[in-house]
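Data block below; observations after.
The values are calculated or read from the model by the stated rules, or taken from the named source; none is laboratory data. Quantities reported herein were computed from a predicted structural model and do not represent experimental measurements. Here the Cβ positions follow ideal geometry from the backbone for every residue, glycine too, while neighbour counts run over all protein chains shown.
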Amino acid sequence: MDKNAIKTAAEILRDSGHIAVLTGAGISAESGVPTFRGEHGLWKQFRAEELATPEAFARDPKLVWEWYDWRRGIIAKVEPSRGHWTLAKWEEIFPEFTLITQNVDGLHAKAGSKNILELHGNIWKVRCTKEEAVTENYAVPLNEIPPACPVCGAMLRPHVVWFGESLDADLLGRAFGLSASCDVMLVIGTSAFVQPAASLPLRAAENGAKIIEINPAPTPLTSYADISLLGKAGEVLPAIDGLLQKE
Ligand code: OAD
């Protein structure tokens, strides 16, 4: 770990008014949740177009639900990582702290974060395909596949954003607004390939925010980052936190 860069990151955070954070699958990797890209990523084992598109769901809802049921089974067994815990703690410490996540696993909330913008939805929520009502569902495994809406009997779908679908406009507007107004944005554990989330740090940078990236591997965002901390979220975030305590 680059100790000087960690120290500078801690100083920037200490001096910042509004801190925004964008997380991706990498922050949950140390919890044991598979990421999407990379050597052991989900998209290496499965074809996204067969499992994570509206067309796939229309063609074979059972297959799609079985895949989500499997992922819910993995996530139900794991605990938040040191990265999740540190961010939850920072929400308490810093007066203006916004967490934007692409993750659907709910681990930020499990760690205690409260103010979370879940851009891609939540795997523990289901949506009625007829009435669009969103409810929580924690059954593992699901009682029936595909599950039916208890109110109207129509099929339920996972309340997640699939490829080819738009993000919730209000949520996205808020995420861009917060990115434009923050003083610093931490970008943690995302390959920065998926839009529009990958544009949020660029919006922040355009508006003068400092960008701090935490990722063991460089990404397309690395060249825009003021500080690139090449390491695991569960190591780098606690290291920064340790320095915050000292002053
Ligand atoms: P990816 O799987 O694309 O990228 C994960 C990133 O985490 C990579 O850049 C890794 O280098 C990094 N990483 C791995 N271990 C890490 C660790 N311990 N600490 C920090 N970083 C680590 O995941 P996302 O960028 O989140 O969309 O993917 C974006 C979207 O693509 C997902 O939300 C999902 C997917 O298709 C939907 O489901 C709509």
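What residue, of 89, 110, is farther than 24 Å from residue 167 by Cβ and of a type in the set (Lys, Arg)?
Numbers: 110 fails: farther than 24 Å from residue 167 by Cβ.
Among 89, 110, only 89 is farther than 24 Å from residue 167 by Cβ and of a type in the set (Lys, Arg).
When residue 180 is tested against the conditions (1) under 22 Å from residue 119 (Cα atoms); (2) in a loop (DSSP other than H, G, I, E, B), the lone failure is (2).
Residues checked against (1) among the acidic types (Asp, Glu); (2) assigned by TED's automatic domain parsing to the domain that holds residue 26; (3) surrounded by 13 or more Cβ atoms within 10 Å (Cβ to Cβ):
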position: 92; (1), (2), (3): yes, yes, no
position: 97; (1), (2), (3): no, yes, yes
position: 108; (1), (2), (3): no, yes, yes
position: 135; (1), (2), (3): no, no, yes
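I'd like the residue in region 63-90 that is among the aliphatic types (A, V, I, L, M), in a helix (DSSP H, G or I) and surrounded by fewer than 17 Cβ atoms within 10 Å (Cβ to Cβ) and, out of all such residues, is nearest to the ligand (Cβ to nearest atom).
Within region 63-90, the subset among the aliphatic types (A, V, I, L, M) is 63-64, 74-76, 78, 87-88.
Still in the list and also in a helix (DSSP H, G or I): 63-64, 74-76, 87-88.
Okay, now just the ones that are also surrounded by fewer than 17 Cβ atoms within 10 Å (Cβ to Cβ), so 63, 74, 76.
Details: 63: 16, 74: 15, 76: 18 Å.
For region 63-90, the residue satisfying everything is 74.
If the condition is being more than 20 Å from residue 163 (Cβ to Cβ), of a type outside the set (A, V, I, L, M) and within 8 Å of the ligand (Cβ to nearest atom), then region 27-49 contributes only 30.
For region 197-246, name all the residues that are assigned to a loop (DSSP other than H, G, I, E, B), aliphatic (A, V, I, L, M) and over 14 Å from residue 186 (Cα atoms).
Just the residues of region 197-246 that are assigned to a loop (DSSP other than H, G, I, E, B), to begin with: 207-209, 215-221, 225-226, 230-232, 246.
Next cut, aliphatic (A, V, I, L, M) only: 209, 217, 221, 225, 230.
Within region 197-246, 217 is the sole residue that qualifies.
Somewhere in region 163-170, is a residue over 16 Å from residue 64 (Cα atoms) and outside any loop (DSSP other than H, G, I, E, B)? Checked region 163-170: at least one residue is over 16 Å from residue 64 (Cα atoms) and outside any loop (DSSP other than H, G, I, E, B). Counting only helices (runs of 4 or more DSSP H) that sit wholly inside region 21-60, those with at least 2 residues that are charged (D, E, K, R) are 48-51, 54-59.
One residue stands out in region 193-213 among those that are in contact (Cβ under 8 Å) with a residue 40 or more places away in the chain and near the ligand (Cβ under 10 Å from one of its atoms): the one that is surrounded by the most Cβ atoms within 10 Å (Cβ to Cβ), namely 197.
Here's the yes/no breakdown for (1) without any contact (Cβ under 8 Å) to a residue 40 or more places away in the chain; (2) closer than 26 Å to residue 194 by Cβ:
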| site | (1), (2) |
| --- | --- |
| 116 | yes, yes |
| 120 | no, yes |
| 125 | yes, yes |
| 142 | no, no |
| 147 | no, no |
